[in-house]
Each structure stands twice: as structure tokens, then as C-alpha cells.
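Here the structure is laid out as C-alpha cells; the discussion comes afterwards.
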Amino acid sequence: MAAETPRARDDAAQENGTKDTTGTIGAAGNEPEAGRRDGPDAAHRRPEGVDDATVEATGLVSKALETIERARGHLYSFHQLTGTADLILGEAVEKLREAGHTAQAELLEREIVGRNVLPGRWTFQVVEDYNATYYKPFTAAEERIRRELVAGRDHLYEAEMKEERRTRHHPEHRALP
């Protein structure tokens, strides 16, 4: 993320008279909608007194959490793929036995089927430990920081970026649904 937030760039443009940021024109581009501004909803507007550096910093904390969400998804994929492979291997053991390959079936059954992926742990335990040790504390800390610094609002940086990048009065660039 750049040091200058989208809102700061938009404010500078407004001061220079280079961009319409009034936020009062309706979706049709000619009349204001009754009681509705053409901009983000209250949940996506920065609270009074919050500076650019705070919006950027909280945005980075949230971006880190989004990355952790992806990592956690991969961990669940690991869990499900490993479990599926173990079940398929169990079927292979049965087929080896039926084909008369008892020694090979016994090797797989004894050494691999149901084996721990880490000492004393199956994948569900790895997921549980990750959630308890890292994921839940991370989500709690991110939520606390947003609550303390930006009134709990989420995606402020992105909301301001949307305002900067969208084409005002274009029907496919509306601020709200």
C-alpha cells in the first residue's frame, strides 16, 4: 500500500477542482436520490478524526488476516485431502488382499493407514491446534485494533480506494447496491 491513502488523494483532487467528490448525484446522473448520498455507506466511511496513517495501518493488519484466512483454507484442504487419501488407501488395501497380495496389504495397513501426520496428531488435531494457538488470537487482535482505532469499521482502505477508482454517475460503478 502506498503511503497516501485514496481519501487523501481524493481530498487533494477536490481542492484542485479536478474531481467531483460531492457524492450527491443519483445513479441516473442528474438528480440526487432521496436522502441517499453517492458514496460508501456509514460502515465504510472513516470515523471523524481518523488519519491516513491509521487507515493504512489497520488496512495492513486486515490484509494480513485475509492472508491467514487463505492459509487456514489451505490447512483445511490439507486435512480433507489427507483424510480422503487415507480412506482411498484403505480401499486399496482391500483390493490388494482380494488380488492375493496379502504381504503388501499388511504393509500398507500396518505402516500407513491411520498413521499420524505429526507425532500424536491426525490432521483434525493440527487444525484444532492452529485455530486455538494462532487463528483465534489473530482474529481477536485484528478485531480489537479495528474497534479501538477505527470504530470497528472494516475495509476502510478498500472503501476509499473504491471511491477513488470508480467512475461517478456510471451505472456499473455505483457506490452501493
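Sort out which residues of the stretch 144-158 are on the phi < 0 side of the Ramachandran plot and either surrounded by 15 or more Cβ atoms within 10 Å (Cβ to Cβ) or touching a residue at least 60 places away in the same chain (Cβ under 8 Å) (or both), and write them in order of number.
Ile145, Arg146, Leu149, Val150, Arg153, Asp154, Leu156, Tyr157, Glu158
Kindly indicate whether Thr139 is open to solvent by less than 60 Å² (accessible area, probe 1.4 Å), at pLDDT 95 or above, hydroxyl-bearing (Ser, Thr, Tyr) and over 18 Å from the mean Cα position of the chain (by Cα). I'd like the intermediate steps shown before the answer.
On the way: open to solvent by less than 60 Å² (accessible area, probe 1.4 Å): yes; at pLDDT 95 or above: yes; hydroxyl-bearing (Ser, Thr, Tyr): yes; over 18 Å from the mean Cα position of the chain (by Cα): no.
Taking the combined requirement at face value, the residue does not satisfy it.
The values are calculated or read from the model by the stated rules, or taken from the named source; none is laboratory data. Quantities reported herein were computed from a predicted structural model and do not represent experimental measurements. Cβ sites come from the backbone with ideal geometry, for glycine too, and all protein chains shown count toward neighbours. Just the protein is used for accessible areas: all its heavy atoms, side chains included, with ligands, DNA and RNA removed. Shrake-Rupley method; radii C 1.70, N 1.55, O 1.52, S 1.80 Å.
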